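A.B. asks: The structure under discussion is supplied below as structure tokens; questions concerning it will follow.
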Amino acid sequence: MAFWARQISVWCSSVKISNVANSIQQLRKTHRTWMQLHELSVLSSLCTDNPFLQRGLKTYQSVSLGSRLQSTNSSNRQIVSSENNLLSPVNHCQQQTEVIPSSDTETLYEVWEDTPPSSALEEISEEEAVQIVAEPPLPLGSFTLRDYVDRSETLSKLVLLGVDLSKVEKRPHAGQLLLRLDFEKDIRKRLLFLKDVGVEDNQLGPFLTQNPYILAVDMEALETRVAYLKSKKFGKEAVARMVSRAPFLLSFSVERLDNRLGFFQKELGLSVQKTRDLVVRLPRLLTGSLEPIKENWQVCQVELGFRRNEIQHIVSKIPKILTANKRKLTETFDYLHNVMGIPHHILTNFPQVFNSKLLRVKERHMFLTFLGRAQYDPAQPSYISLDKLVSMPDEVFCTEVAKASVKDFEKFLKTL
């Protein structure tokens, strides 16, 4: 009896140890299964916008989770059978063990089993293919703004305004600036401001093409600069003309604008009114470099021999002479003064001749010389003014000035 009592005690201890070990192992497997279910739910939420990832996820769910659940159920059956086997010799220690499946697990398993696994090579219908949206990714970097126009409301509206983005992107940091701006918050109010200043609707596109940086200038600074110009007695039409023809004008600070106006008054000796008229006619004098202006002023004084008051008169009539090419300026003067014999005071009274093409002046002068009518002295008969020499079209020049036909003039040009 003692032997059988010890044997039964050993069997009961074995059963308890086996039950504890199997329970721990079952808990571990169940934990891994539900951790995988959580991961699958996270992946499912991340793949909602991509049909191809959804199909791959369903395949993985049906295979992986199915094997997990089957492994879990088989483990449960093994535990029950082992318990039955171990307890079968002992009648008073027998227990009936039932595995109650989880309703949530069965529901998920049935839903995933209903969806057949898909393959990446599976053929789809035309309707399904049309529903697939595969947008190209937004480039992280590009050498052209063309790649961003379709996705940027700002760039799209600027194109409609007439802005040439192919020219804008060539300017330093201009492309990055436009991509950072919001049309409604940053650009609209500046466009309305430019229209109030006097920039026409059809000029906004070319204006912003030349100076896109004005879209980042503070509104208070823009209003201050316009107020400064008005304080200098520039009328509304004059301000509109200056801003439209010199897009960088409002990008200059008040101090810089004041220094430019002071330069023309002090260095060139122009009066306030002449300075005002000068910059209204050629507003880029306020925004361009001062070096060519200083150089041409010295050329007129030293090389061409004009007096200070003569230069002031020429500049007030032809402002472009301050920014003209130095070589062209000297060549035109040399031919007019040294070949045609026109003195300084006549050139001062008709400075428009410096804006004409030198070839036209040469052709017409040689034709008049051939006809014996090259007379440019106002005190002599048959006087021909420089204005008529350079401004008239060929037909009028031949009939009224040269007193010849156009065919005669064309024949003469062939002999040159």
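The values are calculated or read from the model by the stated rules, or taken from the named source; none is laboratory data. Everything quoted here is computed from the prediction, not taken from an experiment. Here Cβ is always computed from backbone atoms with ideal geometry, including for glycine, and neighbour counts include all displayed protein chains. Side chains included, ligands, DNA and RNA excluded: accessible areas come from the protein's heavy atoms. Shrake-Rupley method; radii C 1.70, N 1.55, O 1.52, S 1.80 Å.
A.B. asks: Let me check I've understood the local charge: for L181, count other residues with C-beta under 15 angstrom from its C-beta, Lys and Arg +1, Asp and Glu -1. What total comes out? Show your work: numbers first, answer last.
C.D. replies: Working: positive: R151, K157, R171, R180, K185, R188, K189, R190; negative: E153, E169, D182, E184, D186, D218.
Within the 15 Å Cβ shell, the charges total +2.
A.B. asks: How do 178-189, 277-288 rank on mean C-beta neighbours within 10 Å, highest first?
C.D. replies: Values: 178-189: 14.0, 277-288: 19.2.
Top to bottom by mean Cβ count within 10 Å: 277-288, 178-189.
A.B. asks: List the lysines whose Cα lies under 17 Å from the Cα of K167, skipping any in the same chain that are fewer than 8 positions away.
C.D. replies: K157
A.B. asks: Report the calculated FRET efficiency for K357 and E128 (r = Cβ-Cβ distance, R0 = 45 Å), to the nearest 0.05. Before the final figure, lay out the partial values.
C.D. replies: Working: r = 69 Å, r/R0 = 1.54.
That gives a FRET efficiency of 0.05.
A.B. asks: Please report the relative contact order for segment 210-352, taking Cα pairs under 8 Å with a sequence separation of at least 6, and give it as a percent rounded to a whole number. Let's see the in-between values first.
C.D. replies: On the way: 105 pairs, mean separation 27.4, N = 143.
Relative CO of segment 210-352 lands at 19 percent.
A.B. asks: So what's Rg/Rh here for segment 259-299, counting alpha carbon atoms and using the Kirkwood radius for Rh?
C.D. replies: Working: Rg = 9.6 Å, Rh = 10.3 Å.
Using Cα coordinates only, the ratio equals 0.93.
A.B. asks: In whole Hz and in residue order, list the ³J(HN,Hα) couplings for segment 261-269 that follow from phi through the Karplus curve 6.51 cos²θ - 1.76 cosθ + 1.60, θ = phi - 60°; x for Gly and Pro.
C.D. replies: 5, x, 4, 5, 7, 8, 6, 8, x
A.B. asks: Past the 14 angstrom mark, what percentage of all C-alpha to C-alpha distances in segment 153-204 do you count? Before the final figure, lay out each step's value.
C.D. replies: On the way: 751 of 1326 pairs.
I get 57 percent for the Cα pairs in segment 153-204 exceeding 14 Å.
A.B. asks: Under a straight-distance cross-link criterion of Cα-Cα below 20 Å, which lysines are reachable from K230, leaving out those fewer than 8 residues away in the same chain?
C.D. replies: K195, K274
A.B. asks: Cross-link list K233/K317; K326/K407; K170/K236: which exceed 29 angstrom alpha carbon to alpha carbon?
C.D. replies: K326/K407; K170/K236
A.B. asks: As a quick test, which of the pairs K328/K411; K266/K294; K388/K411 have an alpha carbon distance above 18 angstrom in this structure? Write down the numbers at each step before the final one.
C.D. replies: On the way: K328/K411 28 Å; K266/K294 13 Å; K388/K411 21 Å.
Distance filter (> 18 Å) returns K328/K411; K388/K411.
A.B. asks: Roughly speaking, to the nearest percent, how much of segment 216-276's 1.4 Å accessible area is carbon and sulfur? Display every interim value, and only then the final one.
C.D. replies: Working: 1550 of 3230 Å².
For segment 216-276, the apolar C and S fraction of the accessible surface comes to 48 percent.
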